[in-house]
Amino acid sequence: MRISLRPKLTVVGAGPGDVELITIKAIKALENADVVLYDALVNEELLKYATNAEIVFVGKRLGCHAYSQDQINELIVSMADRYGHVVRLKGGDSFVFGRGIEEIEYAQKFNLETAVVPGISSALGVPATNGISLTQREIAESFWVITGTTAGHKLSKDINLASQSAATVVILMGMHKLEEIIALYQKNRTDDLPIAIIQNGTKENQKKVTGTISTIVKLVKEKEIASPAIIVIGEVVRNTLKLNSYFEEYLEDEFIYQNLNLKP
């Protein structure tokens, strides 16, 4: 392990899952790290770049925390004081529901040097990789990115507002609230919007299902889709492109053509 002189925290976004979707700057940060604290949604293949670092898993999943957030904050400071450069590796982008800013603010209280390396958020990268354009002329002029579950384990109130708009809605951490989300859409609108749910997006074990507000709960159960997954709701899902990668096989499904009017 190389010991750096000045305590430093670099918060790094690892991207949505595919190891090739990490940035060059993020790889350089890992190569220069003395300690890497990584999350549950990080593809562990990326740790191969941290050849000189001590590796510590600090991931959190529903009902299973290796460390609490307060413990992670304290670990960042203690590791930086002891070894030097700590890289906090987070799935997606650390400033999109990643609590990256909280860790930086805590580190700055202890006079650590801090830096941020943005990552590709799953909210953007997963739909794009699967042929879904979040904005399209004459279809969607904007998009919302919303957490499905708040810090108080409640459904975000923003989903109620978003469901009444013409915008594309991307919901992260929403699978445990899926039936509540669907109930809101059914309450607030009369159209049967298309919806896509993608589990482990961009990774080799990706699973996906596409349906409509009225059919998606049943389809999710049939296809056994679970967390971690993103939910994309809006007319743009109807115009999903046929790509040569993730979506090619699924677009041959008769359900897609009949119910979403996708063109082969």
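The values are calculated or read from the model by the stated rules, or taken from the named source; none is laboratory data. In this text the structure is predicted, and so the values were computed from the model without any measurement. Ideal geometry is used to build each Cβ from the backbone, glycine not excepted, and the neighbour counts take in all protein chains shown. These accessible areas exclude ligands, DNA and RNA; they are computed on the full protein's heavy atoms, side chains included. Shrake-Rupley method; radii C 1.70, N 1.55, O 1.52, S 1.80 Å.
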Exercise. Carbon-plus-sulfur fraction of the accessible area of segment 36-132, 1.4 Å probe, in percent?
Worked result: 51
Exercise. Please state the relative contact order of the chain as a whole percent: Cα pairs under 8 Å, 6+ residues apart?
Worked result: 18
For this session: Would you mind telling me which residue in 145, 56, 209 has the biggest mean-square fluctuation in a Gaussian network model of the chain, where springs connect alpha carbons within a distance under 10 angstrom?
Result: 56
Seminar exercise, completed: Summed over the other residues with a beta carbon less than 12 angstrom from that of residue 167, with K and R at +1 and D and E at -1, the charge totals -3
For this session: Counting only C-alpha contacts under 8 Å and six or more residues apart, can you give the relative contact order of segment 95-180 as a whole percent?
Result: 24
Exercise. So what's the back-of-envelope 222 nm ellipticity for the chain, counting only DSSP H runs of four-plus at -39500 (n - 2.57) apiece and dividing by all residues, rounded to 500?
Worked result: -7500 deg cm²/dmol
Exercise. Once label points are set 7 Å from the Cα along Cα→Cβ at both residue 241 and residue 68, what is their separation, rounded to one decimal in nm?
Worked result: 4.6
Problem set entry | Accessible area (Å², per residue) of segment 111-205, counting only protein heavy atoms and a probe of 1.4 Å | 50
For this session: Please label the shape of the chain as rounded, prolate or oblate, based on the square roots a ≥ b ≥ c of the eigenvalues of the alpha-carbon gyration tensor (a/c under 1.5 means rounded; beyond that, a/b larger than b/c means prolate, else oblate).
Result: prolate
Exercise. Of the beta bridges DSSP finds with both residues in segment 16-107, what % are antiparallel, to the nearest 5?
Worked result: 20
Problem set entry | In segment 1-101, trypsin sites (Lys or Arg not before Pro) in a DSSP loop with at most 15 other beta-carbon atoms within 10 Å | 2
Exercise. If we count every other residue with Cβ under 15 angstrom of residue 142's Cβ, Lys/Arg +1 and Asp/Glu -1, where does the sum land?
Worked result: -3
Exercise. Could you give the angle, 0 to 90 degrees to the nearest 10, between helix 178-188's Cα long axis and the longest principal axis of the Cα atoms of the chain?
Worked result: 50
For this session: Measure nothing but the geometry: give the 0 to 90° angle between the long axis through the Cα atoms of 100-109 and the longest principal axis through the Cα atoms of the chain, rounded to 10°.
Result: 20
For this session: Please work out whether segment 114-225 counts as rounded, prolate or oblate from its C-alpha gyration tensor, where a ≥ b ≥ c are the square roots of the eigenvalues and a/c under 1.5 means rounded, while otherwise a/b larger than b/c means prolate and anything else oblate?
Result: rounded
Problem set entry | Surrounding net charge for residue 12, when Lys and Arg each add one and Asp and Glu each subtract one, Cβ distance under 9 Å | +3
Exercise. Looking at 69, 22, 106, which one has the Cα that reaches farthest to the positive end of the dipole of the chain (charges on Cβ: Lys, Arg +1; Asp, Glu -1)?
Worked result: 106
Exercise. Rounded to the nearest 20 Debye, what is the dipole magnitude of the chain about its Cα centre when Lys and Arg each give +1 and Asp and Glu each give -1 at the C-beta?
Worked result: 340
Exercise. Out of the DSSP beta bridges found with both residues in the chain, what percent are antiparallel (nearest 5)?
Worked result: 45
